1. May I ask you to give the percent of accessible area on region 208-331 that is carbon plus sulfur, with a probe radius of 1.4 Å?
2. What net charge is computed for the residues neighbouring TYR307, neighbours being all others with C-beta under 11 Å from the C-beta of TYR307, Lys and Arg scored +1, Asp and Glu -1?
3. Determine, from the Cβ-Cβ distance of ALA320 and ASN67 and an R0 of 41 Å, the FRET efficiency 1/(1 + (r/R0)^6), rounded to the nearest 0.05.
4. Given only helices, namely DSSP H runs of n ≥ 4 each adding -39500 (n - 2.57), what is the per-residue ellipticity at 222 nm of the chain, to the nearest 500 deg cm²/dmol?
5. Among the aspartates and glutamates, which have Cα under 16 Å from the Cα of LYS168 when same-chain residues fewer than 8 positions away are ignored?
6. Compute the semi-axes of the equivalent ellipsoid of region 60-278, taking the square root of 5 times each eigenvalue of the Cα gyration tensor, and list them largest first in whole Å.
7. What percent of all Cα-Cα pairs in the chain falls into each 20 Å bin, going from 0 up to the bin containing the maximum distance?
8. Do any of LYS120/LYS178; LYS178/LYS220; LYS27/LYS424 go past 20 Å between their Cα atoms, and which?
Amino acid sequence: MLQSMYGAMGISREVFAFGAEIEKEQKDRFDQIDRMAEVNQLKVLMAMQKNRISAEHFNGSTGYGYNDAGRDGLEDVYADVFHTQAALVRPQITCGTHALSLALSANLRPGDELVSISGKPYDTLEEVIGIRPSRGSLAEYGVTYAQVDLTPEGHFDYDAIRAAIGPKTRIAAIQRSKGYLTRPSLPVEEIGEAIAFVKSIAPEVLVMVDNCYGEFVCEKEPSDYGADMTVGSLIKNPGGGLAPIGGYIAGTKECIENCAVRLTSPGLGREVGASLDVMRSLYQGLFLAPTVTAGALKGAVFAANLYERLGFKVIPDGRAPRTDIIQAVEFGFPEGVIAFCEGIQAAAPVDSYVTPEPWAMPGYDSDVIMAAGAFVQGASIELSADGPMKPPYAVYFQGGLTWQHAKAGILMSLQRLYEKGLVKL
Ligand SMILES: *Cc1c(COP(=O)(O)O)cnc(C)c1O
């Protein structure tokens, strides 16, 4: 039955059989992922019960948004999920970059220094910080920047961190996921060690963690290890595919108050900010996020093992423990990246009939091909892939609202490679 349905979608017998073989070998791994989802499901469930979430929390507000119980309740739920004193979670936070920019600008003052201790930050933060000169950057406000690269093996360089932290240092920033770099993503425990190290040499320095793509992948979050601010996007993991917009910052009361007055206005802070009509989606998305993330994670593990078996380099490798949902596959030739993305697009529930093509994009120094057919524009918790058209010709892919859809997308990517004679089965 299943095979004939895949056949009707254009997946050949050979591709189906190869996928089935790989899937069968992942049973223990998938069981582990399911248990992780169970832990995180209970975490979210208990946070909602503790805060007595009820139908009135979904009503939303307009105008100033005074006494918006839904908005305040959601922030309390996030604070409980992340085990922090407070959280700021709102549709007015437009994306992950905005949440990170807000966390930084709200807690830095002229003369302060920001130090990234996990190497070069995510591309969009270069303009936030002013690494690339940009209008409105932190550099324009007199905030300086220092960077400590990870060791060649991808670990924190403690001697260099000690040397970089000085009297001007106000925030130490850590990025959990590798983004578009080839370094490994950082395990939460390792982030925890780095937080403890920073606090041991400079207790007054705040630690901010860019948690994008990492939420609900492990039992603990960076906030459980004492990060002052843990930051992410709601169109990634914690939005569960339902949040149409938003970002979150979970952290200490002091940091979150700074973020609130920076987001709205001094004197107003968290008291204003209408939630409009999105509250139900933010609550329900958070409720589904642990299982949605688990589905995406199974897709990543499946793809890693499948392409590894075909002889390609995959990062992380098929057996590596996971700290985020990103999977990279290095094809080494451009046709591989293109065929992969075509397959992902062809398997999408939305815009499946369009063919992605490499194109020049702002901020990139080579053409980029992107595949996404998402319910929420640009949502990367939904199955999506992209790859810059330059060596090593790697494709980065992530997401899948369900494991079953992630599997269909990955099989379709393999089908395209197979049809073009780029792989032998
Ligand atoms: C996606 C991402 C961001 C930025 O989030 P946007 O919502 O795209 O602005 C920042 N850091 C990392 C590691 C990311 O993966």
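1. On the way: 1960 of 3800 Å².
It is 52 percent, rounded to a whole number.
2. Values: positive: ARG309, LYS313; negative: GLU308, ASP317, GLU330.
The answer is -1.
3. The pair ALA320/ASN67 has a calculated efficiency of 0.30.
4. Working: 12 runs with 170 residues, N = 425.
Calculated mean residue ellipticity at 222 nm is -13000 deg cm²/dmol.
5. Reachable aspartates and glutamates: ASP112, GLU113, GLU204.
6. Working: eigenvalues 152, 73, 50 Å².
Result for region 60-278: semi-axes of 28, 19, 16 Å.
7. Per 20 Å bin, starting at zero, the Cα-Cα P(r) for the chain comes out as 27, 56, 17, 0 percent.
8. Details: LYS120/LYS178 10 Å; LYS178/LYS220 18 Å; LYS27/LYS424 25 Å.
Check vs 20 Å cut-off fails for LYS27/LYS424.
The values are calculated or read from the model by the stated rules, or taken from the named source; none is laboratory data. This one's a predicted model, so the numbers in the text were calculated from it and none came from an experiment. Neighbour counts are summed over all protein chains in view; Cβ atoms, including those assigned to glycine, are modelled from backbone coordinates with ideal geometry. The protein model used for the area step is the full one, side chains on, heavy atoms only, and it has no ligands, DNA or RNA in it. Shrake-Rupley method; radii C 1.70, N 1.55, O 1.52, S 1.80 Å.
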